[in-house]
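Nothing in this text is a laboratory measurement; each read-out follows from the coordinates by a stated rule. Keep in mind it's a predicted model, so treat the numbers as computed, not measured. For neighbour counting, all protein chains shown are included, and Cβ atoms are generated from backbone atoms with ideal geometry for every residue, glycine included.
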Amino acid sequence: MKMNTIQPAVGSTTAKRRVGRGIGSGLGKTCGRGHKGQHARAGGYHKVGFEGGQMPIQRRLPKVGFRSKIKASRGEVYLYDLNRISATEITLQVLRDARLVSADVLVAKVVAKGEITRAVVLVGVSATKGAKAAILAAGGKAE
């Protein structure tokens, strides 16, 4: 094979459309643009979402929902997840290492879901009232 003999596969390319070359070409006179109107003119375009002066749909429909900016920096850990961690002192870094919270979490909170079967000490990690009671009942501490 030589560089000067390389050609695209048969049928993979089509000829460029030549407009305004007479009635027999099928694209003579108006050149496929129709009669009059904004699209028939040179430089005519519609702004994205423009509906001819009618109120656009993105303005007719109400705003919905809310995305919290602090949600990504907060994390929740369930009580039963603490059973899987071998460390007795639970810090934010221990929770990150165990992949119970993501790396960009700044604040974590233990939520009372499930049971805890061993004594743990929470350091720098908050807990709900029910979670604190369960940790104290298991012989641990929530600082």
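For the chain, what is the mean residue ellipticity at 222 nm derived from helices alone (per DSSP H run of n ≥ 4: -39500 (n - 2.57); sum divided by total residues; nearest 500 deg cm²/dmol)? Walk me through the numbers on the way to the answer.
On the way: 4 runs with 23 residues, N = 143.
Rounded to the nearest 500, the figure is -3500 deg cm²/dmol.
If we count other beta carbons within 10 Å of each Cβ, what is the order of V110, V121, V101, fewest first? It would help to have the intermediate numbers written out before the result.
Details: V110 27, V121 15, V101 22.
Starting with the residue having the fewest Cβ neighbours, the order is V121, V101, V110.
Only four residue types carry charge here, +1 at the Cβ of Lys and Arg and -1 at the Cβ of Asp and Glu. Report the dipole size of the chain about the Cα centre in Debye, rounded to the nearest 20. Mind dumping the intermediate values first?
Numbers: 26 positive and 8 negative charges, 294 e Å.
Roughly 1420 debye for the chain.
So, counting K/R as plus one and D/E as minus one, what does the shell of residues with Cβ under 15 Å around H35 add up to? Don't jump to the answer; show the numbers that get you there.
On the way: positive: K29, R33, K36, R41; negative: none.
In short, +4.
For labels at M1 and K16 in the simple 7 Å Cα→Cβ model, what's the distance in nm?
The modelled label-to-label distance comes out at 2.7 nm.
How big is D for the chain, in µm² s⁻¹ as a whole number, if Stokes-Einstein is applied with the Kirkwood radius of its Cα pairs at 4 °C and 1.567 mPa s? Walk me through the intermediate numbers first.
Numbers: Rh = 22.4 Å.
Answer from the Stokes-Einstein relation: 58 µm²/s.
Can you give me the Cα centroid spacing of segment 1-72 and segment 75-131 in angstrom?
Comparing the Cα centres of segment 1-72 and segment 75-131, I get a distance of 54 Å.
Mind sorting D104, D97, D81 by how few other Cβ atoms lie within 10 Å of their own Cβ, fewest first? All intermediate terms of the calculation are to be shown ahead of the outcome.
Values: D104 9, D97 12, D81 18.
Ranking D104, D97, D81 by Cβ neighbours within 10 Å, fewest first, gives D104, D97, D81.
Over the residues of segment 71-142, compute the C-alpha Rg and express it relative to 2.2 N^0.38 Å.
Values: Rg = 10.9 Å, N = 72, 2.2 N^0.38 = 11.2 Å.
Computed over Cα atoms of segment 71-142, the ratio equals 0.97.
Summing Lys, Arg as +1 and Asp, Glu as -1, what charge do residues with Cβ under 12 Å from the Cβ of G26 carry, G26 excluded? Don't skip to the answer; put the middle values down first.
Numbers: positive: R17, R18, R21, K29; negative: none.
So the surrounding residues net to +4.
Counting other Cβ atoms within 10 Å, which chymotrypsin sites (Phe, Trp or Tyr not before Pro) in segment 51-143 have at most 11 and lie in a DSSP loop? Please list the in-between numbers first.
Working: sites: F66, Y78, Y80; in loops: F66.
Here the chymotrypsin sites (Phe, Trp or Tyr not before Pro) that fit, given the DSSP loop and packing criteria, are F66.
Once you keep just the Cα pairs under 8 angstrom separated by 6 or more residues, what percentage relative contact order results for the chain?
On the way: 164 pairs, mean separation 22.0, N = 143.
Value for the chain: 15 percent.
What is the gain in length, in nm to one decimal, between A72 and R118 on full extension, counting 0.36 nm per residue of separation less the C-alpha to C-alpha distance?
Working: separation 46, 0.36 × 46 = 16.56 nm, distance 2.95 nm.
Length gained between A72 and R118: 13.6 nm.
Rounded, prolate or oblate: pick one for segment 8-59, where a ≥ b ≥ c are the square roots of the eigenvalues of its C-alpha gyration tensor, a/c under 1.5 means rounded, and failing that, prolate if a/b is larger than b/c, else oblate.
On the way: a/c = 4.15, a/b = 1.69, b/c = 2.45.
Because a/c hits 1.5 or more and a/b fails to exceed b/c, segment 8-59 counts as oblate.
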